[in-house]
1. Arranged from highest to lowest average of other beta-carbon atoms within 10 Å per residue, in what order do the peptides 76-83, 144-151 appear?
2. Considering only DSSP beta bridges whose two residues both sit in the chain, what percent are antiparallel, to the nearest 5?
3. State in Å² the accessible area per residue of the range 40-143; use a 1.4 Å probe, count heavy atoms of protein chains only, and round to the nearest integer.
4. Once neighbouring chains are kept in place and the probe is 1.4 Å, which whole percent of the accessible area of the chain is contributed by carbon and sulfur?
5. From the protein chains alone at 1.4 Å, what is the descending order of accessible area for Arg50, Arg95, largest first?
6. Would you compute, from DSSP H runs of 4+ residues alone, the mean residue ellipticity of the chain at 222 nm, taking -39500 (n - 2.57) per run and dividing by the full residue count, rounded to the nearest 500?
7. Quick one: ranking Phe140, Phe73, Phe124 by accessible area, 1.4 Å probe, largest first, what do you get?
8. Starting from the exponent 0.38 and prefactor 2.2 Å, build the expected Rg for the chain from its residue count and divide its actual Cα Rg by it.
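The values are calculated or read from the model by the stated rules, or taken from the named source; none is laboratory data. Just so it is clear, the structure is predicted and the values come from calculations on it, not from any experiment. Cβ atoms come from the backbone with ideal geometry, glycine included; neighbour counts cover every protein chain shown. Side chains are part of the model used for accessible areas, which takes the heavy atoms of the whole protein and leaves out ligands, DNA and RNA. Shrake-Rupley method; radii C 1.70, N 1.55, O 1.52, S 1.80 Å.
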Amino acid sequence: TYEKLWLVAAMVLIVGFIATITYGSVALGITMVGDQEPTVEPGELNDDERFGDPGVEHVGENQYDAYVVAQTFAFRPEVLEVPANSDVTFYVTSRDVIHSYSVVGTNINTMVIPGEVAQMTVEFDDPGEYGVVCNEYCGFNHHEMEGQIHVV
Ligand code: CUA
């Protein structure tokens, strides 16, 4: 009957979807952002070599790594200073609840989840000062959670 045909067609479609998703993630190497970087548990942050004393590290010609810990209600360090004409890779994690790391006036905006390390690379060409805010409601002082990036 037609009903059976439709049932079979639906099954074929479902299997096809699953195969496509599997093919896409395996063959093309697509992984979730949270899986790309080593994770770090909030309780281990103080002993972590990256986040125990977070800040900017010079890792190559015009290349910097910036480690940031978000916590209620501040970013550590509060101020990052990087040279103009540099590529900065941010690694941001949270000590407590979900925050975000959002640079005002740019498209730099990432969710910061406890236990995970958000990563993004940004090119800073010109000197300037940028404000950083938290875009995820994280508690009564969410609106006061601010930081700065100084490009010098
Ligand atoms: Cu942190 Cu809102």
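1. Ranking the peptides 76-83, 144-151 by packing returns 144-151, 76-83.
2. Taking every DSSP beta bridge within the chain, about 70 percent pair in antiparallel fashion.
3. Here the residues of the range 40-143 average 52 Å² of exposed surface.
4. Of the solvent-accessible surface of the chain, carbon and sulfur hold 55 percent.
5. Listed by decreasing accessible area, they come as Arg95, Arg50.
6. Using -39500 (n - 2.57) per qualifying helix, the result is -6500 deg cm²/dmol.
7. The ranking, largest first, comes out as Phe140, Phe73, Phe124.
8. 1.39
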